[in-house]
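**Q** Submitted below is the structure of interest, expressed as structure tokens.
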Amino acid sequence: LSRFVPAGVELAIKWPNDIVARGGEKERKLAGILIECRQGLTLVGIGINCTPLTSNAGEAVWGRAVSLEELGSSVSRPEVLCGLVERMGYWFAAERGAVRDYYRANDALVGTVRAFGLGQETCRGLVEDLDPLESITIATADGPRTLPIAQARHLREEAD
């Protein structure tokens, strides 16, 4: 998506499934991925906000989401789709190390205080490292914790 936003707009990956536009202290969701398993099938959906939200979007997303158009882009939906398919092809063929390096260079969580669920437990602390293929390391009041990425859930807090 970075090729479609004007210079000066910073995009980052907010684990586990969001692309956010950063402005000062605020992050607004530009895109997201949803993966669900139902009846032996895995369904994958990718949503990219191309145009501004309508009034029926609901209060939960007002101020938390942004569109390409609101960021100053005049790209069409077909252009976004073609760009998405092209980049997906690139990343599907990439080595795991390249995926990890790109993710880490564009991560939105490292250096922020976040809460994660691990089973019935909630772990809150400063995110020190996020390896999208392995683990999340956070500095908690009780010392550093390393959470396995496959079992950790990012818990939304008001500050998010």
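**Q** To the nearest 0.05, what FRET efficiency results for Glu79 and Asn106 with a Förster distance of 25 Å applied to their C-beta separation?
**A** Details: r = 21 Å, r/R0 = 0.85.
After rounding to 0.05, the efficiency reads 0.70.
**Q** Once you order the gyration tensor axes a ≥ b ≥ c over the Cα atoms, which shape class does the chain get: rounded for a/c under 1.5, otherwise prolate or oblate by comparing a/b with b/c?
**A** prolate
**Q** Also, I was wondering about something else. Leaving out ligands, DNA and RNA, what percent of the accessible area of the stretch 1-148 is carbon and sulfur, probe 1.4 Å?
**A** 53 percent
**Q** Grab the Cα-Cα distance for Arg96 and Arg22, subtract it from 0.36 nm times how many residues apart they are, and report the gain in nm with one decimal. Intermediate results must be reported in sequence, preceding the final value.
**A** Working: separation 74, 0.36 × 74 = 26.64 nm, distance 2.63 nm.
Gain on extension, Arg96 to Arg22, equals 24.0 nm.
**Q** Now a separate question. By how many degrees, 0 to 90 and rounded to 10, does the Cα axis of helix 77-93 deviate from the longest principal axis of the chain?
**A** Roughly 40 degrees between the two axes.
**Q** Still on this model: FRET efficiency for Ser2 and Thr146, Cβ-Cβ distance as r, R0 = 25 Å, nearest 0.05?
**A** 0.25
**Q** Also, quick follow-up: Net charge near Arg100, counting Lys/Arg +1 and Asp/Glu -1 over other residues with Cβ under 14 Å of its Cβ?
**A** Net local charge, Arg100 excluded: -4.
**Q** What do you get for the angle between helix 96-105 and the principal long axis of the chain? Use alpha-carbon atoms, 0 to 90 degrees, nearest ten.
**A** 80 degrees
**Q** Same structure again: Using 0.36 nm per residue, how much length does the chain from Leu133 to Ile35 gain when fully extended, once their Cα-Cα distance is taken away?
**A** 33.7 nm
The values are calculated or read from the model by the stated rules, or taken from the named source; none is laboratory data. All figures in this text were calculated on a predicted structure; none of them were measured in a lab. Note that each Cβ is placed from the backbone with ideal geometry, even for glycine, and that neighbours are counted across all protein chains shown. Protein only, heavy atoms only, side chains kept; ligands, DNA and RNA dropped before computing areas. Shrake-Rupley method; radii C 1.70, N 1.55, O 1.52, S 1.80 Å.
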